[in-house]
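Colleague: Just passing along the structure, written as C-alpha cells.
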Amino acid sequence: MTVAEQTAPGRRDRKKRLTRDALTTAALRLVAEHGLENVTVEQISEAADVSARTFFNYFSSKDEALIGNPAADRELLLARLVATPAGVPALEAIRLALTGTVETMQADRELWRLRLAVIDRNPALLTRLIAGNAEAERAIVEALASRLGVPPDHNHPALVAAVAGAAFRIALLRWAAEADTRPLRDLVDEAFAAVAAGLPDPRP
C-alpha cells in the first residue's frame with residue numbers, strides 16, 4: 001500500500017467533516033437572518049456550495065442540520081461514561097465523560113453561541129432538542145444503574161443524571177453569554193463542584 005493510499009481515508013474524513021460543518025454553519029446563519037420557516041434545504045445547500053442531494057448525505061432534515069445529531073452525541077457520551085474507571089463516583093464519571101464534548105464545543109464557541117440563539121428564537125427546535133436530551137438522560141440513567149449495580153428504577157441514578165444535566169445546562173448558558181469569557185471547561189467544573197459540595201449558599 002502506498003503512502004497516498006494510507007492517507008486517503010484521513011483526507012476523506014476531513015473533507016466530510018468540512019462539508020458537514022459548512023452545511024451547519026450555512027443553516028444556522030440563514031435561519032438566524034431569515035427565520036426557520038423561510039429557509040429551505042436548497043438554500044442551505046447553495047450557501048454551502050453543495051447539492052441538496054449532498055445535504056441529505058449528512059442530515060435527515062433541516063432541523064438536524066441546526067441542532068446536530070442527538071443520537072450520535074448520546075452514543076459517544078455513553079461510550080465515554082462506560083470507559084470511566086469503576087471506582088469514580090457517578091457524578092464525577094459524568095463530568096469526565098463530558099470532557100470530549102466540552103472540548104469540541106469550546107473549539108466552536110461562536111458556532112455554538114449562534115446555535116443556542118437560533119434554538120432560543122425557534123421553539124420548534126427547542127422541543128426537538130428537549131426530546132433528544134430526555135432520551136440521553138434515560139440512557140445515562142440506565143448506564144449509571146448498571147455501573148452502580150442497582151435496579152434501573154432506583155432513585156440515585158435518575159437523580160444524578162438529572163442534576164448533572166442541569167449543571168451542564170447552566171454552565172452552557174453562562175458560556176454562551178458574552179458577559180462570561182471563561183472556557184466552558186471551567187464553568188462546567190465549577191457547576192459540578194458546587195453540586196458535589198452540596199450546593200452551599202454563595203457568600204455575599
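Colleague: Taking Asn57 as the residue in question, decide whether it is without any contact (Cβ under 8 Å) to a residue 12 or more places away in the chain and within 27 Å of Arg169 (Cβ to Cβ).
Modeller: Numbers: without any contact (Cβ under 8 Å) to a residue 12 or more places away in the chain: yes; within 27 Å of Arg169 (Cβ to Cβ): no.
It is false that Asn57 is without any contact (Cβ under 8 Å) to a residue 12 or more places away in the chain and within 27 Å of Arg169 (Cβ to Cβ).
Conditions tested, residue by residue: (1) touching a Pro at 6+ places or on another chain (Cβ under 8 Å); (2) closer than 25 Å to Ala194 by Cβ; (3) hydrophobic (A, V, I, L, M, F, W, C).
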{"residue": "Arg80", "(1), (2), (3)": "no, yes, no"}
{"residue": "Leu96", "(1), (2), (3)": "no, yes, yes"}
{"residue": "Ala117", "(1), (2), (3)": "no, no, yes"}
{"residue": "Thr127", "(1), (2), (3)": "no, no, no"}
{"residue": "Leu144", "(1), (2), (3)": "yes, yes, yes"}
{"residue": "Asn155", "(1), (2), (3)": "no, yes, no"}
{"residue": "Val160", "(1), (2), (3)": "no, yes, yes"}
{"residue": "Val163", "(1), (2), (3)": "no, yes, yes"}
{"residue": "Phe168", "(1), (2), (3)": "no, yes, yes"}
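Colleague: Might you check whether a residue that is buried (at least 18 other Cβ atoms within 10 Å of the Cβ) and free of Cβ contacts under 8 Å to residues at least 60 places away in the same chain occurs anywhere in the range 89-105?
Modeller: yes
Colleague: Filter the range 165-204 down to residues that are closer than 18 Å to Glu92 by Cβ and among the acidic types (Asp, Glu), then give me how many there are.
Modeller: Of the residues in that region, 3 qualify.
Colleague: Moving on to the next point. Can you give me the number of residues within the range 119-159 that are of a type in the set (Asp, Glu) and either touching a residue at least 24 places away in the same chain (Cβ under 8 Å) or not in a helix (DSSP H, G or I) (or both)?
Modeller: Initially, the range 119-159 is screened for residues of a type in the set (Asp, Glu), giving 120, 135, 137, 142, 153.
Applying the additional criterion that residues be either touching a residue at least 24 places away in the same chain (Cβ under 8 Å) or not in a helix (DSSP H, G or I) (or both) yields 135, 137, 153.
Residues in the range 119-159 being of a type in the set (Asp, Glu) and either touching a residue at least 24 places away in the same chain (Cβ under 8 Å) or not in a helix (DSSP H, G or I) (or both): 3 in total.
Colleague: Right, here's the next one. Residues Asp63, Asp120, Asp73: which one is open to solvent by 50 Å² or more (accessible area, probe 1.4 Å), under 15 Å from the mean Cα position of the chain (by Cα) and of a type in the set (Asp, Glu)? Working first, answer last.
Modeller: Details: Asp63 fails: open to solvent by 50 Å² or more (accessible area, probe 1.4 Å); Asp120 fails: under 15 Å from the mean Cα position of the chain (by Cα).
After ruling out the rest, the residue left standing is Asp73.
Colleague: Same structure again: Answer yes or no: is there a residue in the range 38-57 that is among the hydroxyl-bearing types (Ser, Thr, Tyr), part of a helix (DSSP H, G or I) and open to solvent by less than 80 Å² (accessible area, probe 1.4 Å). Step through it out loud before you land on a result.
Modeller: Keep residues of the range 38-57 that are among the hydroxyl-bearing types (Ser, Thr, Tyr), which gives 40, 45, 51, 54.
Those left that are additionally part of a helix (DSSP H, G or I): 45, 54.
Those left that are additionally open to solvent by less than 80 Å² (accessible area, probe 1.4 Å): 45, 54.
So far as the range 38-57 goes, yes, one or more of its residues are among the hydroxyl-bearing types (Ser, Thr, Tyr), part of a helix (DSSP H, G or I) and open to solvent by less than 80 Å² (accessible area, probe 1.4 Å).
Colleague: Please find, among Asp189, Asp201, Asp180, the residue that is touching a residue at least 60 places away in the same chain (Cβ under 8 Å) and of a type in the set (Asp, Glu).
Modeller: Working: Asp201 fails: touching a residue at least 60 places away in the same chain (Cβ under 8 Å); Asp180 fails: touching a residue at least 60 places away in the same chain (Cβ under 8 Å).
Unique residue meeting the criteria: Asp189.
The values are calculated or read from the model by the stated rules, or taken from the named source; none is laboratory data. Worth saying up front: this structure is predicted, and the values here are computed from it rather than measured. Here the Cβ is made from the backbone with ideal geometry for all residues, glycine too, and neighbour counts use every protein chain on show. Protein only, heavy atoms only, side chains kept; ligands, DNA and RNA dropped before computing areas. Shrake-Rupley method; radii C 1.70, N 1.55, O 1.52, S 1.80 Å.
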